[in-house]
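Note sheet for the following structure.
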Amino acid sequence: MLPVVVVHGGAGLVPKERSEKSTMGVCSAAQAAYLILQGGGSSMDAVVEAVTQMENNPTFNAGCGSLLNIKGEVEMDAIMMDGRTLASGAVSAVRNIANPVQLARLVMDKTSHVCLTAEGASQFARSMGVAEVPQESLITEYSRMRWKKNLAPDANPVECQMGRMGTVGAVAVDVEGNVACATSTGGLSNKMEGRVGDTPCIGSGGYADNLSGAVSTTGDGETIMKVVLARLILFHMEQGQSAEAASDLGLACLKSRVEGLGGVVTVDPRGNWAARFTTENMSWAAAQRGTLHYGLYSGEHLTRSI
């Protein structure tokens with residue numbers, strides 16, 4: 001069953017004209033991460049590679065495709081966690097960093113802290129030699145269009161929803177049975193300046209523990225934080241539920257308790273995995289035993305050889 005990697009490109013309402021690119025993007029990210037695992041690389045390296053690939057893809061709401069806050073600016077969040085030691089690193093509200101997930105790993109590896117935010121995170125990035133990029137390089141025509149449309153007094157709520165959700169993430173198990181997770185986002189379109197969602201919050205945006213498994217979440221961040229979704233799913237797995245059943249239970253609680261919608265990718269230490277969501281769409285892909293699994297719509301599960 002090992003190794004395995006599962007990635008998501010964000011839960012929400014994916015416009016039809018972006019669906020193919022979204023599916024292709026998660027498939028590419030999963031394959032790149034799987035190559036690392038096949039070569040004996042760690043689950044940590046694999047999830048960082050998968051998320052970095054998606055941060056570099058303007059299709060996704062992370063890195064160079066990030067949605068914009070109310071001022072038309074980029075503010076990004078990311079987290080990663082090592083299931084072997086429970087070490088974690090996160091950043092929030094960072095602005096001029098091409099790959100926030102890589103900065104989150106540096107927080108984990110090079111500091112005694114778990115999360116750095118805003119200017120403090122930027123100062124740390126400079127001290128680590130991480131190159132800053134111009135804000136404009138992270139803004140796509142699509143994200144600016146969504147921002148402008150959502151500003152309109154007569155903005156269509158359904159269209160606004162298209163830009164409301166969407167986070168990228170990955171979970172993996174390496175050949176040694178170590179699990180890891182990573183999640184990255186540009187946040188909500190037209191969010192208040194300084195808003196931080198679930199992504200960098202340990203237990204909400206992601207969680208990894210070799211004793212139970214790993215989860216990366218996506219969806220309505222304000223509700224995900226209220227039920228601590230990633231940790232809730234692992235609690236159900238600790239009670240004997242499968243990765244898929246635990247994911248469904250967590251998402252059902254999110255919906256019934258706080259009227260939240262979202263999606264997750266989940267693995268257990270033996271390599272069993274799930275990609276589940278309650279939104280209209282969620283692009284996802286998994287690589288295991290030489291086969292690529294992927295989908296976008298509810299009930300869709302396609303496969304092809306890697």
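The values are calculated or read from the model by the stated rules, or taken from the named source; none is laboratory data. Only a predicted model underlies this, so the values are computations on that prediction, with no experimental measurement involved. Cβ placement follows ideal geometry from the backbone for every residue including glycine, while neighbour counts extend to all protein chains displayed.
The table below lists the values:
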| read-out | value |
| --- | --- |
| Among the residues listed as Val74, Val101, Val94, Val133, the single one being surrounded by fewer than 17 Cβ atoms within 10 Å (Cβ to Cβ), under 18 Å from Ser184 (Cα atoms), among the β-branched types (Val, Ile, Thr) and in contact (Cβ under 8 Å) with a residue 12 or more places away in the chain | Val133 |
| Matching residues in region 175-216 - criterion: being more than 21 Å from Ile97 (Cα to Cα) and either hydroxyl-bearing (Ser, Thr, Tyr) or buried (at least 23 other Cβ atoms within 10 Å of the Cβ) (or both) | Val179, Ala180, Ser204, Tyr207, Ala208, Ser212, Gly213, Ala214, Val215, Ser216 |
| Pair list, Cβ under 7 Å, 6 or more apart: region 177-193 residue more than 16 Å from Gln135 (Cβ to Cβ), other residue modelled with pLDDT of 95 or more and among the charged types (D, E, K, R) | Asn178/Arg84; Ala180/Asp82; Ser184/Glu55; Thr185/Asp77; Leu188/Arg195 |
| Residues of region 105-119 classified as among the hydrophobic types (A, V, I, L, M, F, W, C) and assigned to a helix (DSSP H, G or I), total | 4 |
| Positions within region 190-201 being within 14 Å of Thr117 (Cα to Cα) and of a type outside the set (Asp, Glu), in sequence order | Gly194, Arg195, Val196, Gly197, Thr199, Pro200, Cys201 |
| Qualifying residue in region 3-11 (condition: in contact (Cβ under 8 Å) with a residue 12 or more places away in the chain and surrounded by fewer than 24 Cβ atoms within 10 Å (Cβ to Cβ)) | no |
| Unmet criterion (only one of (1) out of contact with any helix residue (DSSP H, G or I) (no Cβ under 6 Å at 6 or more places or on another chain); (2) over 28 Å from Ala243 (Cβ atoms); (3) assigned to a strand (DSSP E or B)) for Ala93 | (1) |
| Which listed residue is over 16 Å from the mean Cα position of the chain (by Cα) and either modelled with pLDDT of 95 or more or part of a strand (DSSP E or B) (or both), from Glu20, Glu73, Glu49 | Glu73 |
| Listing of strands (runs of 3 or more DSSP E) fully contained in region 221-306 that carry 2 or more residues being at pLDDT 95 or above, over 21 Å from Ser43 (Cβ atoms) and hydroxyl-bearing (Ser, Thr, Tyr) | 302-305 |
| Lone unmet requirement of (1) in contact with a Cys (Cβ under 6 Å, 6 or more places away or on another chain); (2) surrounded by fewer than 22 Cβ atoms within 10 Å (Cβ to Cβ) for Phe124 | (1) |
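Listed here are the residues, each with its yes/no results for (1) without any contact (Cβ under 8 Å) to a residue 60 or more places away in the chain; (2) of a type in the set (S, T, N, Q).
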{"residue": "Gly206", "(1), (2)": "no, no"}
{"residue": "Asp209", "(1), (2)": "no, no"}
{"residue": "Thr217", "(1), (2)": "yes, yes"}
{"residue": "Arg231", "(1), (2)": "yes, no"}
{"residue": "Phe235", "(1), (2)": "yes, no"}
{"residue": "Ser242", "(1), (2)": "yes, yes"}
{"residue": "Ser247", "(1), (2)": "yes, yes"}
